[in-house]
Amino acid sequence: MNSVIKNAKRLIIKVGSSLVTNDGKGLDHSAIAKWAEQIAQLRVLGKEVILVSSGAIAEGMQRLGFEQRPSGIHELQACAAVGQMGLAQIYETSFRAHDLHTAQVLLTHADLADRERYLNARSTLFTLLRFGVVPIINENDTVVTDEIKVGDNDTLGALVANLIEADVLIILTDQRGLYTADPRKDINATFVHEAIAGDIALEGMAGGVGTGIGRGGMLTKILAAKRAASSGAHTVIAWGREESVLTRLAAGEAIGTQLTAQMGQLTARKQWMADHLQTAGKVVLDAGAVQKLVEEGKSLLPIGVSDVIGEFGRGAVITCVTQNGRQIARGLINYASTDARRIMRHPSSEIATILGFVEGPELIHRDNLVLL
Ligand code: GLU
């Protein structure tokens with residue numbers, strides 16, 4: 001296997017909290033200096049690099065004297081605000097040593113869900129890359145709450161990979177990659193060098209949750225790889241303390257677990273819809289409508305909808321779910337929730353009589369629909 005990174009032009013590198021903060025002991029200056037040096041070398045090779053760095057909460061906890069992760073949301077947000085200063089400072093200093101500028105970009109899910117802000121973030125990141133700057137991204141933890149956050153930086157890394165159509169997402173973590181089972185518990189566990197991103201079997205292998213320090217475990221990395229693959233990005237999960245891991249990957253060496261993207265690429269607008277982690281509402285589909293959407297590639301008609309959940313306006317991105325709540329698609333809906341409720345279960349020919357106007361015979365046109 002040859003590393004996909006060798007030919008990659010645009011890379012997202014995600015570093016986890018336990019690596020950045022030396023397992024919560026405080027910012028690991030020497031590790032960060034080493035990544036900065038390697039990223040500088042990647043830039044010399046003509047690669048564009050964006051860093052997604054966790055560690056704000058872990059570093060803030062350390063600075064404010066918390067021994068355990070606080071449970072209160074405002075305490076966590078305060079830790080993030082304090083710790084983010086430390087991250088900004090150390091990255092700026094470490095990259096300055098290589099004559100590189102850094103830029104702090106703090107994103108929320110709402111920034112990526114709003115079409116205009118999404119396009120703004122995209123343009124700004126492209127401009128920063130054009131200026132030769134290394135953008136350092138984190139979630140804007142200080143303003144997000146449980147309901148509206150991305151939640152973990154593996155997912156954020158994948159969303160950013162999709163946002164700017166990166167070739168590769170490199171997730172640096174405190175493990176060497178993915179095993180077929182937990183090697184501490186199963187002597188038959190073997191290392192997975194290469195697999196296809198999105199292969200359902202990988203989710204069973206990853207199991208488990210993250211360490212007490214960061215948010216993501218191996219499962220969130222596997223799901224992030226699947227998400228990134230929808231825009232064509234390959235993912236590599238590797239041990240962040242591996243000597244010269246980034247430059248060796250860029251030289252073609254196979255390190256860690258490589259998850260190759262083989263899905264059909266979504267168009268830009270469908271990608272944006274698929275990357276909504278939360279939506280304003282849901283429509284519940286009957287079995288016939290599920291069949292039409294999934295098997296036959298058809299639009300969603302009001303007759304196939306048995307319930308409309310939430311309040312939203314025309315043109316909102318909403319989720320299509322089955323009778324037992326499984327999410328199967330996202331799409332831009334032609335009718336506001338109040339109107340959709342009135343026309344659901346009815347044939348499209350009755351829309352004009354029921355509402356007094358017609359925005360279209362479909363609730364969601366196929367062109368505005370993406371299967372998950
Ligand atoms: N945004 C969080 C932080 O900087 C990290 C989330 C994660 O661990 O994935 O502390």
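The values are calculated or read from the model by the stated rules, or taken from the named source; none is laboratory data. It should be emphasised that the depicted structure is a prediction, and the values quoted were computed from it without experimental measurement. No Cβ is skipped: glycine too gets one built from the backbone with ideal geometry, and neighbour counts run over all protein chains shown. Accessible surface areas use protein heavy atoms only, side chains included; no ligands, DNA or RNA. Shrake-Rupley method; radii C 1.70, N 1.55, O 1.52, S 1.80 Å.
Given a cut-off of 26 Å, name the pairs among K9/K149; K14/K47; K34/K270; K221/K298; K149/K185 whose C-alpha atoms lie farther apart than that in the structure shown. Please report the intermediate quantities before stating the final value.
Details: K9/K149 29 Å; K14/K47 16 Å; K34/K270 38 Å; K221/K298 32 Å; K149/K185 33 Å.
Checking Cα-Cα distances, K9/K149; K34/K270; K221/K298; K149/K185 exceed 26 Å.
Residue farthest toward the positive end of the dipole of the chain, with Cβ of Lys/Arg at +1 and Asp/Glu at -1: which of M61, S18, A201?
A201
Any idea how far apart T190 and R269 come out in nm if each label point goes 7 Å out from Cα toward Cβ?
Spacing of the two 7 Å Cα→Cβ label points: 4.6 nm.
Across the range 342-352, in residue order, what do the Karplus-derived ³J(HN,Hα) couplings come to in whole Hz, using 6.51 cos²θ - 1.76 cosθ + 1.60 with θ = phi - 60° and x for Gly and Pro?
6, 9, 4, 6, 10, x, 4, 5, 9, 4, 4
Checking a compactness column here: for the range 216-372, what do you get for Rg(Cα) / (2.2 N^0.38 Å), N being the number of residues? Don't skip to the answer; put the middle values down first.
Numbers: Rg = 20.0 Å, N = 157, 2.2 N^0.38 = 15.0 Å.
Normalised by 2.2 N^0.38 Å, the Cα Rg of the range 216-372 equals 1.33.
Please list 225-238, 355-368 highest first by mean number of surrounding beta-carbon atoms within 10 Å per residue.
On the way: 225-238: 25.6, 355-368: 15.9.
Peptide ranking by packing, descending: 225-238, 355-368.
Just tell me, in residue order, which DSSP H segments of the chain are both 15 angstrom or longer along the helix axis (alpha-carbon based) and at least -0.5 in mean Kyte-Doolittle hydropathy. Write down the numbers at each step before the final one.
Details: long enough: 29-44 (23 Å, 0.02); 73-96 (34 Å, 0.27); 115-130 (22 Å, -0.54); 218-229 (17 Å, 0.68).
Helix filter hits for the chain: 29-44, 73-96, 218-229.
Normalised by the empirical 2.2 N^0.38 Å for globular proteins, what value does the Cα Rg of the chain take? Spell out each step's value before the answer.
On the way: Rg = 22.1 Å, N = 372, 2.2 N^0.38 = 20.9 Å.
Against the empirical 2.2 N^0.38 Å value, I get 1.06 for the chain.
Which ³J(HN,Hα) values in Hz, rounded to whole numbers, follow from the phi angles of the range 169-184 under the Karplus curve 6.51 cos²θ - 1.76 cosθ + 1.60, where θ = phi - 60° and Gly and Pro get x?
For the range 169-184, the Karplus curve yields 10, 9, 9, 8, 9, 8, 10, 6, x, 9, 10, 5, 7, 5, x, 6 Hz.
Going 7 Å from the Cα of Q323 in the Cα-to-Cβ direction, what parts of the range 281-304 have a backbone nitrogen less than 20 Å from that spot?
Correct set: 282-296, 300-304.
Which residue, chosen from S349, I136, Y91, occupies the Cα position most advanced towards the positive end of the dipole of the chain, where the dipole is computed from +1 (Lys, Arg) and -1 (Asp, Glu) charges on Cβ about the Cα centre?
In the chain, that residue is S349.
With every protein chain kept in place and ligands, DNA and RNA left out, what is the accessible area per residue of the range 254-372? Probe 1.4 Å, answer in Å².
Numbers: 5420 Å² over 119 residues.
With all protein chains present, the range 254-372 gives 46 Å² per residue.
Tell me, what ³J(HN,Hα) does each residue in the range 355-372 have, in order and in whole Hz, if you take phi through Karplus 6.51 cos²θ - 1.76 cosθ + 1.60 with θ = phi - 60° and put x for Gly and Pro?
Running phi through 6.51 cos²θ - 1.76 cosθ + 1.60 with θ = phi - 60° gives 9, x, 7, 10, 8, x, x, 9, 6, 9, 6, 3, 5, 10, 10, 10, 7, 9 Hz.
Quote the charge dipole size of the range 78-209 about the Cα centre in Debye, to the nearest 20; the model charges only the Cβ of Lys and Arg (+1) and of Asp and Glu (-1). Don't jump to the answer; show the numbers that get you there.
Details: 9 positive and 19 negative charges, 68 e Å.
The calculation lands at about 320 debye.
Could you give the nm distance between label points at V294 and T338, where each point is 7 Å from its Cα heading toward the beta carbon?
Going by the 7 Å Cα→Cβ label model, 3.4 nm.
Let me check I have the definition right: for the range 1-147, take the eigenvalues of the Cα gyration tensor, multiply each by 5, take square roots. What are those semi-axes in whole Å, largest first? It would help to have the intermediate numbers written out before the result.
Numbers: eigenvalues 138, 81, 34 Å².
Computed over the range 1-147, the values are 26, 20, 13 Å.
Please compute the length gained on full extension between D367 and E67, using 0.36 nm multiplied by the number of residues separating them and subtracting their Cα-Cα distance. Before the final figure, lay out the partial values.
Values: separation 300, 0.36 × 300 = 108.00 nm, distance 5.11 nm.
Result for the pair: 102.9 nm of gain on full extension.
What does the extension gain come out to for T145 and D99, with contour length at 0.36 nm per residue minus their alpha carbon separation? If you can, show how the numbers build up before the last one.
Details: separation 46, 0.36 × 46 = 16.56 nm, distance 3.67 nm.
Computed gain between T145 and D99 is 12.9 nm.
If amide H atoms are built 1.01 Å from N in the plane of the peptide, which residues on other chains or at least 5 residues away come under 5 Å of the amide H of I13?
I50, L51, V52, I170
For a bin width of 5 Å, list the pair-distance distribution of the range 218-283 built from all Cα-Cα distances, rounded to whole %.
4, 15, 20, 19, 17, 11, 9, 3, 2, 1, 0
Let me spell out the model: positive unit charges on the Cβ of Lys and Arg, negative unit charges on the Cβ of Asp and Glu, origin at the Cα centre of the range 19-122. What dipole size does that give, in debye rounded to 20?
On the way: 10 positive and 12 negative charges, 36 e Å.
Here the size comes out at about 180 debye.
Given H placed 1.01 Å from N in the peptide plane, which residues other than close sequence neighbours of V134 have an amide H under 5 Å from its amide H?
Residues meeting the criterion, in which the H sits 1.01 Å from N, are H101, T102, A103.
What does the accessible area per residue of the range 76-127 come to in Å², with a 1.4 Å probe and no ligands, DNA or RNA counted? Mind dumping the intermediate values first?
On the way: 2480 Å² over 52 residues.
Here the per-residue accessible area is 48 Å².
Rounded to the nearest percent, how much of the accessible area of the chain (1.4 Å probe, protein heavy atoms only) is carbon and sulfur? Present the calculation step by step, with values, prior to reporting the outcome.
Working: 8390 of 16470 Å².
In the chain, the share of accessible area belonging to carbon and sulfur is 51 percent.
Report, by chain and number, residues whose modeled amide H sits under 5 Å from the one on A181, excluding near sequence neighbours (fewer than 5 apart, same chain).
Correct list: T190.
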